[in-house]
Amino acid sequence: MYDVREWRHVFKLDPNKEITDEELDRICESGTDAIMVGGTDGVTLEGVLDLMSRVRRYTVPCILEVSTIDSITPGFDFYFIPTVLNSGNPQWITGLHHEAVKEYGDLMDWDELKMEGYCILNPDCKAAKLTDAKTELSIEDVRAYAMMAEKMFNLPIFYLEYSGTYGNPEYVEAAKGVLENTVLFYGGGIETAKQAEEMSRHANVIVVGNVVYSNLDEALKTVAAVKK
Ligand SMILES: CC(C)=CCC/C(C)=C/CC/C(C)=C/CC/C(C)=C/CC/C(C)=C/CC/C(C)=C/CC/C(C)=C/COP(=O)(O)OP(=O)(O)O
Ligand SMILES: O=P(O)(O)OC[C@@H](O)CO
Ligand SMILES: [Mg+2]
């Protein structure tokens, strides 16, 4: 299933972390809608290639969420390109993108690319620190970012990111309330089926990351929880 609009659940795997073949088998056969390969730091071409080739043994769609130019490689179904809407540094909004397109724009298959408008809300996560994200946001602020993502920039994905901590469902609900076409991703701190179910009441797609590495049995239960 290659249409993001039909997804409900994604596992995000970190090229900077170890995963056994047996664990990967359970993840790829779990019924999740896609595997997203990505992380904030320690993302190397070697790590990305290793994960891609191992996930490629399965039929599940495999996406690279680009965090560095040097770790991009052919072979993924899609390339998701983050732009951090609440970053205080233009480098993370359009700067690196401009550099990449200047260099590779004529060679790129644009149908493989999807832009993700990120709004990062956990001040302590690595992505917030790296991008100098302005995380002190009210519900109205988040609502406005969601509206900008869809109505101003026509982005296919708006991603509410609480990486590492469970977020506020009211913020997710508020973002969803202004989105008609843009798909709402929620990610951060989902560790149980109950949390997955709660966030998926508002988000179109929930992204499950860290718990894969800390408690795989619980992580796998999040799939069924959002597909009921
Ligand atoms: C060869 C080939 C197939 C070419 C394809 C062409 C292609 C895809 C070209 C890309 C063009 C392009 C526009 C690239 C953009 C370049 C770029 C580096 C943009 C910046 C992206 C960005 C904002 C990065 C900052 C970090 C960040 C916000 C990453 C997003 C994902 C995220 C929040 C990860 C956090 O995950 P998490 O699990 O929390 O991480 P840790 O566990 O490590 O903390
Ligand atoms: O690792 P967790 O906290 O599950 O977050 C998932 C994802 O949103 C990270 O980008
Ligand atoms: Mg992670």
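The values are calculated or read from the model by the stated rules, or taken from the named source; none is laboratory data. Just so we're clear, the structure is a prediction, and the values are computed from it rather than from any experiment. For neighbour counting, all protein chains shown are included, and Cβ atoms are generated from backbone atoms with ideal geometry for every residue, glycine included. Heads up: the accessible areas ignore ligands, DNA and RNA and are worked out on the full protein's heavy atoms, side chains in. Shrake-Rupley method; radii C 1.70, N 1.55, O 1.52, S 1.80 Å.
Listing for the model above:
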{"read-out": "GNM top mover of Ile206, Ile69, Ile157 - the chain, alpha-carbon springs below 10 Å", "value": "Ile69"}
{"read-out": "The chain - accessible surface per residue (Å², probe 1.4 Å)", "value": "48 Å²"}
{"read-out": "Surrounding net charge for Lys194, when Lys and Arg each add one and Asp and Glu each subtract one, Cβ distance under 11 Å", "value": "-3"}
{"read-out": "Length gained when the stretch Glu173-Phe153 is fully extended (0.36 nm per residue, less Cα-Cα span)", "value": "5.1 nm"}
{"read-out": "Lysines with Cα under 23 Å of Lys176, excluding same-chain neighbours fewer than 8 positions away", "value": "Lys12, Lys114, Lys134, Lys151, Lys194, Lys227, Lys228"}
{"read-out": "Proximal charge balance of Val208 [Cβ under 15 Å; K/R count +1, D/E count -1]", "value": "-3"}
{"read-out": "Whole-number percent relative contact order across the stretch 1-132, with pairs defined as alpha carbons under 8 Å at least 6 apart", "value": "20 percent"}
{"read-out": "Cβ-based net charge around Leu24, under 9 Å, with every Lys or Arg adding one and every Asp or Glu removing one", "value": "-1"}
{"read-out": "Pairwise centroid distance, computed over Cα atoms, of the stretch 22-44 with the stretch 148-206, Å", "value": "20 Å"}
{"read-out": "Selection from Pro90, Leu184, Thr40, by position along the positive dipole direction of the chain (Cβ)", "value": "Leu184"}
{"read-out": "The stretch 85-147 - percent of accessible surface contributed by carbon and sulfur, probe 1.4 Å", "value": "53 percent"}
{"read-out": "Mean Cα-pair separation over length for the chain, i.e. relative contact order, pairs under 8 Å, 6 or more apart, %", "value": "18 percent"}
{"read-out": "Thr94/Asp50 FRET efficiency (R0 41 Å; Cβ-Cβ; nearest 0.05)", "value": "0.85"}
{"read-out": "Label point distance in nm, Met115-Arg26, each placed 7 Å from Cα along Cα→Cβ", "value": "3.9 nm"}
